Amino acid sequence: MSITVQRAAHRLLASLPSALRIGRQTAARDRHSVPVTAPRSWTFADRETGQEMTFTCMPGCVDRHDDVAAGQAVAEDVWCHRATDDVTLPINDSGNPEELSVLRVTLNVDPFDRRLAQRLPHIDLEVMSDAWIEGLDADGFATVINTLQGRLDEMRAMHAELISVRAAYQKQAQR
């Protein structure tokens, strides 16, 4: 399965309402993930070129790398990853609220990608279902975190204001 298809399938599962997703995610995780305590290395033959290739898995990677372990894979489809658990919120973007994934973080390495930056550990952040910020290095990810923290600070201030305004409004309505 190509990396594009794997990632699209991962995104598709994440976009399902949580009531449908729980069982499927568990089943997908059981088939495709394995807890890893130490980096694993493999040598395999690239199915497209026949070239023998070796790579060492990213520390913390949860992919079983079944094709690679079997000795054959398409090099561009080899990737390591680890993701946070899904968090969903009832988002109303079509007149009906539906549970959509928000702020899912995936730590990735694409060891044979044509882009050098993708060959190093990087973050793909799903801001909301199917809306991604991809290829973040440590500085880029810190920028996103700081931006979100600033927004959270504003939300906390607005929350305090909501509590105060509601109390005043209810008091006024009782007169």
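No value in this document is a laboratory result; all are computed from the given coordinates. Being a predicted model, the structure only gives us computed values, none of them experimental. Quick reminder, even Gly has a Cβ in these numbers, built from the backbone with ideal geometry, and neighbours come from all protein chains shown.
Data overview
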| item | result |
| --- | --- |
| Per-peptide average of other Cβ atoms within 10 Å, ordering 39-47, 145-153 highest first | 39-47, 145-153 |
| P(r) histogram, all alpha-carbon pairs of the range 101-142 included - 5 Å bins from 0, percent | 6, 27, 27, 22, 14, 4 |
| Whole-number percent relative contact order across the range 112-168, with pairs defined as alpha carbons under 8 Å at least 6 apart | 20 |
| FRET efficiency, L148 to Q170 (Cβ-Cβ, R0 22 Å, nearest 0.05) | 0.10 |
| Kirkwood hydrodynamic radius of the range 45-118, from inverse mean 1/r over distinct Cα pairs, in Å | 14.7 |
| Evaluated at q = 0.12, 0.15, 0.22 Å⁻¹: base-10 log I(q)/I(0), Debye formula over Cα of the range 91-175 | -0.59, -0.77, -1.05 |
| FRET efficiency, E76 to D130 (Cβ-Cβ, R0 25 Å, nearest 0.05) | 0.65 |
| Distance in nm between pseudo-label sites at S94 and H159 (7 Å out along the Cβ direction from Cα) | 3.0 |
